[in-house]
Every structure is written in C-alpha cells, then in structure tokens.
Amino acid sequence: MLEINFLVFNFFAFFCGIAGAFVGALAGLVLPLNDEKIKDSLIGFTSGLMLGLICFGLIPEAVSISNLVVCILVLISSYFMIGILEKKLTMRYLFSQNRYLKSGILILVALSLHNFPEGLAIGSSFAVEKSFGILVGIMIIIHDIPEGFALSLPFKIAKQSKKKILRYAILSGVPTGIGCLVGSVISYINKYVVAGCLACAAGAMLYVVMNELIPEYSRKENFKIATVSNMIGIIVALLLLEWLEL
C-alpha cells in the first residue's frame with residue numbers, strides 16, 4: 001500500500017510540474033503578436049513577472065533557509081554561468097541572429113533549475129502529511145502558469161511551432177517530478193541544497209531579464225508602454241506570491 005501511495009504521489013508531482021507550465025504556455029500561444037506595441041508590452045510584462053519572482057520569491061526564500069552571503073555567492077555564480085552558457089549556445093547554434101530563440105532556451109534552463117526545489121517542497125511536504133503535500137502541489141500548478149507564459153513568449157516570437165513550444169513547457173516541468181522523487185526518498189532535505197537551487201534559479205533568471213528581455217524593448221519607440229507593462233508584471237508577481245503563500 002505504501003509503495004502504491006509513493007508511486008501515485010510522485011505521478012501527481014510530475015503532473016503538477018507539467019500542468020501549470022503547459023497551461024501558461026497555451027495561454028501565451030493564444031495571444032496575438034501582430035502589433036509591435038502588443039509584443040513589446042508582453043515582453044515588458046514577462047520581464048516584470050520574472051523580476052517579481054526573483055526579488056519577492058526566490059531570493060527571500062533562499063535567504064530565509066540559508067544565509068545572505070551564501071545566497072549572494074550562488075546567485076552571482078549562476079548569473080555568470082548562464083552568461084558562459086549563452087556564449088556557447090550562440091557559437092554552437094548560431095543564435096546570434098535570433099535572440100528570441102536564445103532567450104527562450106535560457107528561460108527554459110532557468111525554470112528547470114527553479115522547478116527542482118519546487119519538487120523538493122512537494123516531496124518533503126508529503127513526507128510530513130499527504131494532504132499538505134497535495135495542497136503544495138496545487139499551489140505549484142497555479143504558480144507555474146505565469147512561468148509557462150514567460151517561457152512561451154520568446155519561442156513564439158522566434159516562430160517556433162506550437163507543438164515544440166508545448167514540448168518545451170512540458171520539459172520545464174519534469175524537474176519538479178524529479179525533485180519530488182528525491183524529496184520522498186530522503187525524508188529529510190538539506191536546507192542548503194534547497195537554498196542553493198533557489199539562488200541558482202534566481203541568478204539564471206536575472207541574467208535572462210537583464211541581458212535579453214529588457215534590452216529588447218528598451219531600444220524601441222514603445223519603451224514607455226513596455227516599462228509600464230514591466231511594472232504591472234512585477235505587481236502581478238508580488239500579488240501571486242502573496243496569495244499563494246501558506
């Protein structure tokens with residue numbers, strides 16, 4: 001019976017990781033991008049959403065379970081590691097002529113790093129109480145919807161197929177299931193591992209926002225509209241994080 005519960009709950013964790021990102025990506029695919037103002041506004045909103053998640057979610061949570069110095073060091077290391085990864089991707093796949101495709105892949109990497117500790121949260125919650133683990137899983141589904149949206153937008157602008165974009169969304173959710181498996185197998189999770197994953201995700205996402213998304217709209221005539229959208233994205237991220245907090 002215990003083995004059945006273990007398998008069912010890990011399947012549930014994989015579903016949680018994939019469902020939210022999938023729904024968010026689907027929403028991103030439905031929105032029209034024919035107008036430059038709409039496109040720049042969505043890029044601004046996406047960058048704001050990610051900044052809000054970094055500043056009000058990932059970093060405070062990492063600091064609360066570890067310490068400030070460690071989190072800063074991991075964040076900086078992650079930031080520069082993503083920069084190195086970007087250069088390698090540019091050289092290998094010639095993404096220099098398609099910055100949106102490059103941005104999408106970097107966001108995919110960042111979200112995958114971010115989703116692993118989410119899985120740890122589900123797994124460790126399940127180890128304490130099944131109902132608590134289910135509640136955390138449902139919260140993560142809702143939480144991952146804007147992330148799926150943020151992931152789909154650059155791929156859509158880069159004219160990737162809808163099937164491929166949805167596959168990327170599913171792929172970004174897989175680390176949640178893996179994290180849950182780890183969290184279920186080892187009943188106690190080392191807090192520094194979780195904090196390190198959160199800070200690493202924050203650094204990766206920060207690089208994407210500062211080097212890919214913001215520069216994209218800052219040099220255009222729709223800069224003011226995109227800036228307002230950026231602020232709205234930050235506020236929405238703050239409200240979502242406050243609403244989803246247990």
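Please determine, by comparing only the residues of segment 43-80 that are at pLDDT below 85 and more than 23 Å from Ile234 (Cα to Cα), which one is surrounded by the most Cβ atoms within 10 Å (Cβ to Cβ). Among them, the one singled out is Ser66. Tally the residues that are of a type in the set (Asp, Glu) and out of contact with any helix residue (DSSP H, G or I) (no Cβ under 8 Å at 6 or more places or on another chain), restricting the search to segment 190-212. Counting residues in segment 190-212 that are of a type in the set (Asp, Glu) and out of contact with any helix residue (DSSP H, G or I) (no Cβ under 8 Å at 6 or more places or on another chain) gives 0. Checked across segment 188-210, the condition of being surrounded by fewer than 15 Cβ atoms within 10 Å (Cβ to Cβ), among the polar types (S, T, N, Q) and either in a helix (DSSP H, G or I) or modelled with pLDDT under 85 (or both) holds for at least one residue. Residues in segment 211-229 that are over 13 Å from Ile38 (Cα atoms) and assigned to a helix (DSSP H, G or I): Asn211, Glu212, Leu213, Ile214, Pro215, Glu216, Ser218. Does segment 212-236 hold any residues that are at pLDDT 80 or above, buried (at least 18 other Cβ atoms within 10 Å of the Cβ) and under 20 Å from the mean Cα position of the chain (by Cα), and which are they? Residues satisfying the conditions are Ile214, Ser229, Asn230, Gly233, Ile234.
The values are calculated or read from the model by the stated rules, or taken from the named source; none is laboratory data. This is a predicted model, so every value here is computed, not measured. Glycine gets a Cβ as well: all are built from the backbone with ideal geometry, and neighbour counts include every protein chain shown.
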